[in-house]
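The values are calculated or read from the model by the stated rules, or taken from the named source; none is laboratory data. All values derive from a computational prediction rather than experimental measurement. Ideal geometry is used to build each Cβ from the backbone, glycine not excepted, and the neighbour counts take in all protein chains shown.
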Amino acid sequence: MKPEDVVNLDLYPITDRASPDRAALIARLKRDLDAQQYVSLPDFIRPRARDRAVADAMAALHRAHHNSSNRNCYLQQTGDPALPADHPRNIMLEASSRMLAYDSFPDDCPVKTLYHWAPVRQMVAESVGSEPLYDNEDPCQPVNLLCYQRGDRSAWHFDSVNAFTMTLMLQASEAGGDFEMVPHTRRDDDQNYDYVQRVLTSQRPADAVAVARSAGALCIFRGCNALHRVSPVEGDRMRIMGVFVYEREPGITGDPEVNATVYGRNPAPT
Ligand SMILES: [Fe+2]
């Protein structure tokens, strides 16, 4: 499938660098990202491409790594005994999902076509204000298919390392699987522990926003400073999402220890 058949260019004219519509799109993405720390682009992928990506995920599901853990919102599985029991670093929360690494589904899967296409990379780079961006070159990390079956969920957490997170909803669950985030929970220079603790211990934090994620929607968000979670999935239909990692430098590969945890890979023998 050609990139033009994957990305909905009728709604998102990203190939024409001189187009006023493209300039307006980029301006909106930047503005929304700054103001609310997320932006959603409904119907970014065409239905036929989405169907194909869902079929690829289903066919590869037996190769997925089931992550099930208790962890704090900093993605650590052990707390800090020197801190109080109700400190955010000691509040452990449940997470469960199924992760398909880049090398465990076909190279012509539409999510890979989208990821490797220069007009998409360029649109993202201009929107997040970090040009240029490069593809990640790890065997596992560049594009993942993240699947949630009944009962799977992701408790409150910050994403680590990357300045932004990009996901594409391929198939929504029948119920549950709702995505919520709390914009500006912390800053690069301020962990804001009191506020983080209030969010973690509240059933429905007043500042949480529900981000509608219909199938086909691309979402870019500042997951490193905005706590976010996915509520438990209900029903038989899996929630399937593409997850993309771009880098600020060329030639980046992942940490074997991270790949062991996230994808269940054995670190290479030393
Ligand atoms: Fe996340």
**Report entry** Candidate set from the stretch 1-24 (those that are in a loop (DSSP other than H, G, I, E, B), touching a residue at least 24 places away in the same chain (Cβ under 8 Å) and touching a helix residue (DSSP H, G or I) at 6+ places or on another chain (Cβ under 7 Å)); member that is surrounded by the fewest Cβ atoms within 10 Å (Cβ to Cβ)
**Finding:** Met1
Report task. Residue by residue through the stretch 100-121, note down the ones that are in a helix (DSSP H, G or I) and of a type in the set (Asp, Glu). Result -> Asp103
Report summary line: The condition of being among the β-branched types (Val, Ile, Thr) and more than 23 Å from Leu145 (Cβ to Cβ) holds, among Val199, Val233, only for Val199
Report task. Only residues that are over 14 Å from the mean Cα position of the chain (by Cα), in contact (Cβ under 8 Å) with a residue 24 or more places away in the chain and either under 20 Å from Pro42 (Cα atoms) or not in a strand (DSSP E or B) (or both): list them for the stretch 234-257, please. Result -> Gly235, Asp236, Arg237, Met238, Arg248, Glu249, Pro250, Gly251, Ile252, Thr253, Gly254
Query raised in the report: Given the residues Leu75, Leu83, which is the only one that is over 30 Å from Ala27 (Cα atoms) and exposed (fewer than 14 other Cβ atoms within 10 Å of the Cβ)?
Result: Leu83
Report summary line: Reported set for the stretch 145-158 where residues are small (Gly, Ala, Ser) and within 15 Å of the ligand (Cβ to nearest atom) is Ser154, Ala155
Query raised in the report: Within the stretch 122-135, is even one residue touching a Leu at 6+ places or on another chain (Cβ under 9 Å), surrounded by fewer than 18 Cβ atoms within 10 Å (Cβ to Cβ) and part of a loop (DSSP other than H, G, I, E, B)?
Result: yes
Query raised in the report: For Ser97, are the conditions met, namely being outside any helix (DSSP H, G or I), in contact with an Asp or Glu (Cβ under 6 Å, 6 or more places away or on another chain) and buried (at least 19 other Cβ atoms within 10 Å of the Cβ)?
Result: yes
Report summary line: Of the residues in the stretch 234-264 that are touching a Phe, Trp or Tyr at 6+ places or on another chain (Cβ under 6 Å) and within 15 Å of the ligand (Cβ to nearest atom), the one that is nearest to Ser104 (Cα to Cα) is Phe244
Report task. Identify, from the list Ala49, Ala27, Ala53, the residue that is modelled with pLDDT of 95 or more, in a helix (DSSP H, G or I), under 22 Å from Asp152 (Cα atoms) and not hydroxyl-bearing (Ser, Thr, Tyr). Result -> Ala53
Query raised in the report: Residues that are buried (at least 17 other Cβ atoms within 10 Å of the Cβ), under 14 Å from the mean Cα position of the chain (by Cα) and away from the ligand (no atom under 13 Å from the Cβ): which strands (runs of 3 or more DSSP E) entirely in the stretch 159-233 hold 2 or more of them?
Result: 165-171
Query raised in the report: Out of (1) buried (at least 18 other Cβ atoms within 10 Å of the Cβ); (2) closer than 30 Å to Asp86 by Cβ, the odd one out for Gly242 is which?
Result: (2)
Query - Single residue of the stretch 106-121 satisfying the filter (crowded, with 22+ Cβ neighbours inside 10 Å and not hydroxyl-bearing (Ser, Thr, Tyr)) that is farthest from Ala35 (Cα to Cα) - result: Cys109
Query raised in the report: Right, Pro142: away from the ligand (no atom under 14 Å from the Cβ), within 30 Å of Ile14 (Cβ to Cβ) and surrounded by 20 or more Cβ atoms within 10 Å (Cβ to Cβ) or not?
Result: yes
